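Novice: Structure in structure tokens, see below.
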Amino acid sequence: MVEHPSEYRWSSYGFNALGQTNNLMTSHHEYRCLGNNDKERRNVYQQLFKQRISEESINAIREATNKAWVLGDDQFTQYSGEIKEAGRASGQGWGQEIRAVQDQWV
């Protein structure tokens, strides 16, 4: 697609890493936790893109996306499975049972 996120027109990289103005975007909580001020946050955010994603990781992401699989560590996969089962058991998807599972993990 592009070599670097800054080259992609629709990327949030310019907003988050370079401080470019974008009236369609606002900083989210996780981004604000990256530093005590805008300069620190931009620097930390830029560091996230210094290392390339391995081919193995890219292939795992593609496979999970194409097959609608959960991708994450064992704990995340277990949590996702419990959420799915709770939704199936309730017959409603996002109901009381799911909130009960979420409360266990928080």
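Novice: According to the Cα gyration tensor, what semi-axes, each the square root of 5 times an eigenvalue, does the equivalent ellipsoid of segment 1-93 have, listed from largest to smallest in whole Å?
Specialist: Values: eigenvalues 199, 72, 39 Å².
In descending order the semi-axes read 32, 19, 14 Å.
Novice: What lysines sit close enough to LYS39 to cross-link, taking a C-alpha to C-alpha distance under 25 Å and skipping anything fewer than 8 places away on the same chain?
Specialist: Of all the lysines, those that pass the test against LYS39 - Cα under 25 Å, at least 8 places apart if same chain - are LYS50.
Novice: 7 Å from Cα along Cα→Cβ at both GLN78 and GLN46: what's the point-to-point distance in nm?
Specialist: 4.1 nm
Novice: Using all Cα-Cα distances in segment 5-47, what percent lands in each 10 angstrom bin from 0 up to the longest?
Specialist: 30, 59, 11
Novice: Run the simple label-point estimate for LEU18 and SER57 please: 7 Å along Cα→C-beta, distance reported in nm.
Specialist: Using points 7 Å along Cα→Cβ, the separation is 2.3 nm.
Novice: With a sphere of radius 9 Å drawn around the Cβ of LEU34, what net charge do the other residues whose Cβ falls strictly inside it have (Lys, Arg +1; Asp, Glu -1)?
Specialist: Working: positive: ARG32, ARG41, ARG42; negative: GLU30, GLU40.
For residues surrounding LEU34, the net value is +1.
Novice: Going by how many other Cβ atoms sit within 10 Å of their own, how do MET25, MET1 line up, fewest first?
Specialist: The fewest-first ordering by Cβ neighbours comes to MET1, MET25.
Coordinate-derived values only; no laboratory data. It should be emphasised that the depicted structure is a prediction, and the values quoted were computed from it without experimental measurement. Cβ: placed from backbone, ideal geometry, glycine included. Neighbour counts: every protein chain shown.
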